[in-house]
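> Here it is, the structure, as structure tokens.
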Amino acid sequence: MDNIKRLFVSINGRNEHKTNSRSTRETLLFTTLWVISLLMISLPQGVKTRIGTINLPNNAAPEQIRKAWGPGDAGSLMDTALAWAKFHHIDPTTQYWIVHTWTPGMSLLEVPLIWASHIGVPMFWSLLFTTVLLWGSIFWLMWKHLSPFTGRLIALAISAMLITSWDFRYFFRDDLFYTEGLSFGLLILALGIISWAVLISKNKSFLFIISGTLIGLSILIRHVSDSGLSLFTSAAVFGLVIQYRKATKILHNSSNKKKNKQLQLTRKIDLSEFSLYGPAVAGLTANLVLIPWRFVSRIVFGGPLWLLSSAGGGVGVGAWTPNSKIGFWAFSGMNWACNIDPKKCDSVYRLPQNIHNDAVRLSDAILAAIQHPMAYIKFRGHFLHSNWIPIGVHSIFSIQVISSLVPIFLFVYGVFILIRSKTSWTNSWIWLPFLVMEFVQLLLIQYESRYFIPVRLFGLGFFISVLITQRAKKKILLEPE
């Protein structure tokens with residue numbers, strides 16, 4: 001039995017030799033296996049695999065891909081990319097709505113890919129390579145720096161769960177051109193770097209500036225985490241101010257009163273020593289990255305003031321759309337307010353379209369949910385079940401259903417660990433603002449399976465942060481290589 005236990009400990013390799021990282025050779029081996037797994041998801045028929053959803057050959061021209069996607073997110077944003085790739089202005093009548101409904105990062109990203117297609121690199125392959133390279137980098141960092149604390153077996157189990165999930169099939173196979181694999185990949189990478197740097201007290205500004213830039217780029221590609229960034233930045237800055245005030249008070253009370261005391265006090269306090277310094281720098285950097293588009297969207301394209309997207313204005317309209325007019329969105333539970341408060345449905349829906357009435361519709365919908373909580377839960381619960389992952393892969397014992405539920409259980413277990421052990425939330429909280437705001441959005445918007453992916457990813461990131469914090473406490477943390 002002792003021999004088996006020693007063998008298990010050796011294979012697991014948790015905190016091997018009390019170092020902070022795995023060897024480069026081992027990391028390269030496992031990252032290569034990870035990349036091969038991603039390519040197997042992406043290319044089930046090998047090099048003859050056709051583009052997911054639109055079923056075009058993988059060497060199709062950008063114009064063909066744009067036409068096949070139609071008027072949805074991917075097609076509309078590629079329409080803009082095609083115009084910008086030719087250095088043309090987009091049409092005010094037919095295209096301005098695109099760039100104030102969604103952020104333009106997806107279009108900007110596709111411009112160089114369109115140029116590359118003109119010299120013989122198909123757009124599908126360049127986008128796939130970029131997405132796989134990003135997630136390969138995430139795995140490299142996770143295996144090298146986190147697996148010594150989680151152990152190899154837990155790291156492999158988490159990797160297997162992701163590889164078998166519908167989420168990764170969506171990122172790499174079904175809807176590669178929606179670029180959510182890139183957007184959320186950048187965000188997960190940035191939050192992981194911040195969490196790790198805070199844990200090991202690596203308060204070097206450049207790490208957090210890079211992380212903040214990655215967060216900004218992520219949101220520029222897909223805007224859904226903008227509200228999470230606002231909450232994250234507010235919490236970090238407010239907390240940093242509190243830490244600073246406490247430090248000054250402690251120094252003031254423990255020192256003798258002298259002339260010019262406040263000036264001396266200020267010189268003694270280094271903001272970079274506080275645990276919230278890094279997150280605050282990252283949050284502010286991300287907002288700086290996004291500020292130019294906030295102004296351009298408003299001034300040039302007539303978008304909403306300061307917001308990155310005008311898509312939120314349609315939430316109230318969708319919630320109060322009658323069943324007879326819901327059409328394509330019937331499967332999504334979009335018109336939940338109409339169904340839980342049918343007496344008000346028609347009158348609210350018929351309000352003239354303007355910013356004020358959009359706000360009125362949304363507030364009326366929230367009020368309806370408060371007044372009819374059970375009806376709300378029942379109606380939304382039905383569509384939550386059918387949209388958690390696509391119906392086509394539903395089976396209570398299917399590997400994809402299990403993979404979609406495990407991150408939720410791990411998140412709950414992570415919260416339990418923190419409460420039971422009374423451990424500081426110093427680095428684990430970093431994931432929560434984004435998770436909380438995703439949850440708030442899901443209380444109001446229509447349900448699409450892809451909208452639940454960030455909930456699972458943020459929950460998993462939170463659990464990993466809790467786990468490495470717990471296990472790092474039990475070992476001596478050395479300086480990274």
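The values are calculated or read from the model by the stated rules, or taken from the named source; none is laboratory data. Bear in mind the structure is a predicted one, so any value in this text is a computation, not a measurement. FYI the Cβ positions are ideal-geometry reconstructions off the backbone, even for glycines, and counts take in every protein chain you see.
Rundown of residues vs (1) in a helix (DSSP H, G or I); (2) small (G, A, S), yes/no style:
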site: R298; (1), (2): yes, no
site: G302; (1), (2): no, yes
site: V317; (1), (2): yes, no
site: M334; (1), (2): no, no
site: K343; (1), (2): yes, no
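> Working carefully through the options I193, I188, find the one that is without any contact (Cβ under 8 Å) to a residue 60 or more places away in the chain and of a type in the set (V, I, T).
That would be I193, the only listed residue that is without any contact (Cβ under 8 Å) to a residue 60 or more places away in the chain and of a type in the set (V, I, T).
> Another question, then. Restricting to the stretch 54-89, give me the number of residues that are of a type outside the set (G, A, S) and modelled with pLDDT under 90.
2
> Which one is farthest from the chain's Cα centre (by Cα), of the residues in the stretch 76-112 that are outside any helix (DSSP H, G or I) and surrounded by 15 or more Cβ atoms within 10 Å (Cβ to Cβ)?
Within the stretch 76-112, the match that is farthest from the chain's Cα centre (by Cα) is I90.
> Okay, moving on. Name the residues in the stretch 335-378 that are surrounded by 17 or more Cβ atoms within 10 Å (Cβ to Cβ), within 13 Å of G314 (Cβ to Cβ) and over 31 Å from the mean Cα position of the chain (by Cα), would you?
Hit for the stretch 335-378 is Y349, nothing else.
> Within the set of pairs 6+ apart or on separate chains, which have a first residue in the stretch 113-126 that is farther than 16 Å from L176 by Cα, a second that is part of a loop (DSSP other than H, G, I, E, B) and small (G, A, S), and C-beta atoms under 8 Å apart?
Cβ pairs passing all conditions: S117/A61.
> Conditions first: (1) closer than 24 Å to R294 by Cβ; (2) in the same structural domain as F168 (by TED's automatic domain parsing); (3) not acidic (D, E). T49 passes all but one, so which condition is the exception?
(1)
> For I54, work out the one condition from (1) in a loop (DSSP other than H, G, I, E, B); (2) not assigned by TED's automatic domain parsing to the domain that holds G185 it doesn't fulfil.
So the condition that I54 fails would be (2).
> Within the stretch 1-39, take every residue that is of a type in the set (D, E, K, R) and at pLDDT 65 or above and give me the one that is surrounded by the most Cβ atoms within 10 Å (Cβ to Cβ).
R22
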